[in-house]
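To start, the structure itself, in structure tokens.
The values are calculated or read from the model by the stated rules, or taken from the named source; none is laboratory data. The structure presented is a predicted model; accordingly, all values stated were derived computationally and were not measured. Positions of Cβ are backbone-derived with ideal geometry, glycine not excepted, and every protein chain shown enters the neighbour counts. Each accessible area value is taken on the protein alone, full model and side chains, heavy atoms only, with ligands, DNA and RNA left out. Shrake-Rupley method; radii C 1.70, N 1.55, O 1.52, S 1.80 Å.
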Amino acid sequence: MNKTIERIDWIDLCKFFGIFSVVLGHAGTSNYINNYIHAFHMPIFFLLSGYCFNNEKYSSILFLIKNRFKTLLVPYFLFGIILFYFWNFSALFLNRAEDIKSSMTLLSSMFWVNTQATTFGVIQWFLTCLFFTEIIYWLILKLTKKNIYYLVLILFIISAIAYSYPLFIAKRLPLAIDVALSAVVFYGIGWLCKTYFSSLYLIGFRKLGIYNYAIIILCTAVVSLYTVYINGATNMRTLTYSNYFLFYFNSIIITSVIIFISLLLKLTIDGTKIFEWMIYIGKNTIIILVLNSTFIKIFDVIISLSVNKFVPYGNNAMSVVVALAVLFTLTPVCFVINNYIPFVLGRRRQIKPKSI
């Protein structure tokens with residue numbers, strides 16, 4: 001298999017683990033597992049997006065804005081509006097008038113502070129955040145002319161600003177622009193890794209072998225368990241970072257663990273049904289990002305079961321079951337959207353996914 005396909009496969013596997021962690025967190029877990037999930041589940045998406053970013057593709061910033069508006073903001077607005085009215089209709093149907101939101105709530109949530117968790121859109125903020133992150137990083141590349149020393153310096157300055165902002169300013173910026181300040185750091189790390197280190201990284205992986213990398217994964221994972229425990233709760237959406245160094249260290253080290261695991265899976269289970277399904281989920285993370293919370297709530301209604309009633313171990317076990325059930329249920333939904341209504345993803349023509 002050629003190098004390009006290999007790169008796409010392990011990236012999609014990483015996205016699978018990222019989106020599974022997002023769904024698992026929304027399903028409800030114990031405090032420590034929730035802290036561990038939040039240490040990496042958003043940073044990994046920004047880092048992988050930076051790794052995939054091809055700045056040469058965009059000759060001007062206007063071209064970048066136009067392209068990413070279609071692929072990020074079109075689904076942001078369409079899914080936001082659809083879910084808003086879906087939940088208002090559901091509240092009306094269930095005779096829960098107190099849960100019905102006004103149109104002003106929709107407007108303020110979509111056009112202002114969209115990082116406030118709402119019934120109809122817990123994770124949509126990611127789309128606007130990624131939109132502004134890519135614009136900011138494109139400008140950084142133009143400003144530094146891709147000089148690695150200037151890039152690292154600017155990313156360090158931005159990371160300090162991102163960390164300091166919530167400490168001194170209580171007012172949130174609209175459309176998750178304040179989150180983009182920290183997101184652009186991970187985005188830049190991903191781009192730098194692709195540009196300067198990806199070939200050495202993949203060659204080193206092959207030379208070390210499966211068993212040596214398994215040992216590295218185990219040791220790195222153990223370290224991350226301890227450092228996440230020390231740092232405590234973090235959340236990019238709420239600008240909660242705790243310790244500056246541990247926040248970035250934990251995000252990068254756990255992302256590295258997931259990359260190692262994905263590369264191992266590529267070598268060991270490639271071609272199996274479960275591998276193809278994980279790849280497919282990884283390619284449809286935007287759909288799952290915007291719909292998973294809705295499906296979790298639907299599951300709760302259908303089975304008349306609240307995961308919060310379980311003791312911590314049972315809560316975590318049930319959350320894993322619910323997260324997997326949501327991913328399996330959303331698989332045909334992804335198929336339908338990609339094949340029959342791709343315009344909700346900002347696409348003009350039908351995209352035929354790989355069979356699963």
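Pick out the one residue from 182, 164 that is surrounded by fewer than 19 Cβ atoms within 10 Å (Cβ to Cβ) and polar (S, T, N, Q).
Exactly one residue qualifies, and that residue is 164.
Determine whether residue 136 is more than 24 Å from residue 285 (Cα to Cα), in contact (Cβ under 8 Å) with a residue 12 or more places away in the chain and not hydroxyl-bearing (Ser, Thr, Tyr).
Against the criterion (more than 24 Å from residue 285 (Cα to Cα), in contact (Cβ under 8 Å) with a residue 12 or more places away in the chain and not hydroxyl-bearing (Ser, Thr, Tyr)), residue 136 does not qualify.
Aromatic (Phe, Trp, Tyr) and within 18 Å of the chain's Cα centre (by Cα): does that describe residue 131?
Answer is yes for this residue.
From the list 89, 16, 79, 20, which one is open to solvent by 60 Å² or more (accessible area, probe 1.4 Å), assigned to a helix (DSSP H, G or I) and closer than 30 Å to residue 301 by Cα?
Step by step, each of 89, 16, 79, 20 is checked, and only 89 is open to solvent by 60 Å² or more (accessible area, probe 1.4 Å), assigned to a helix (DSSP H, G or I) and closer than 30 Å to residue 301 by Cα.
The conditions are (1) touching a helix residue (DSSP H, G or I) at 6+ places or on another chain (Cβ under 8 Å); (2) modelled with pLDDT under 95; (3) on the phi < 0 side of the Ramachandran plot, and residue 28 fails exactly one of them. Which is it?
With respect to (1) touching a helix residue (DSSP H, G or I) at 6+ places or on another chain (Cβ under 8 Å); (2) modelled with pLDDT under 95; (3) on the phi < 0 side of the Ramachandran plot, residue 28 is out only on (3).
In the range 323-333, what residues are more than 12 Å from residue 277 (Cα to Cα) and open to solvent by less than 10 Å² (accessible area, probe 1.4 Å)?
323, 326
Looking at (1) surrounded by fewer than 19 Cβ atoms within 10 Å (Cβ to Cβ); (2) part of a helix (DSSP H, G or I), which one does residue 113 not meet, given that it meets all the others?
Only one criterion in (1) surrounded by fewer than 19 Cβ atoms within 10 Å (Cβ to Cβ); (2) part of a helix (DSSP H, G or I) is unmet by residue 113, namely (2).
Hey, can you tell me all the residues within the range 23-60 that are in a loop (DSSP other than H, G, I, E, B), in contact (Cβ under 8 Å) with a residue 40 or more places away in the chain and within 20 Å of residue 328 (Cα to Cα)?
Selection gives 28, 29.
Just need a number here: residues in the range 125-161 that are part of a helix (DSSP H, G or I) and either open to solvent by less than 30 Å² (accessible area, probe 1.4 Å) or among the charged types (D, E, K, R) (or both).
Number of matching residues: 20.
If you check residue 289 against the conditions, is it part of a helix (DSSP H, G or I), of a type outside the set (S, T, N, Q) and open to solvent by less than 40 Å² (accessible area, probe 1.4 Å)?
In short, yes.
Residue 226 fails exactly one of the following numbered conditions: (1) at pLDDT below 95; (2) assigned to a helix (DSSP H, G or I); (3) open to solvent by 20 Å² or more (accessible area, probe 1.4 Å). What is the number of that condition?
Here residue 226 clears every test but (1).
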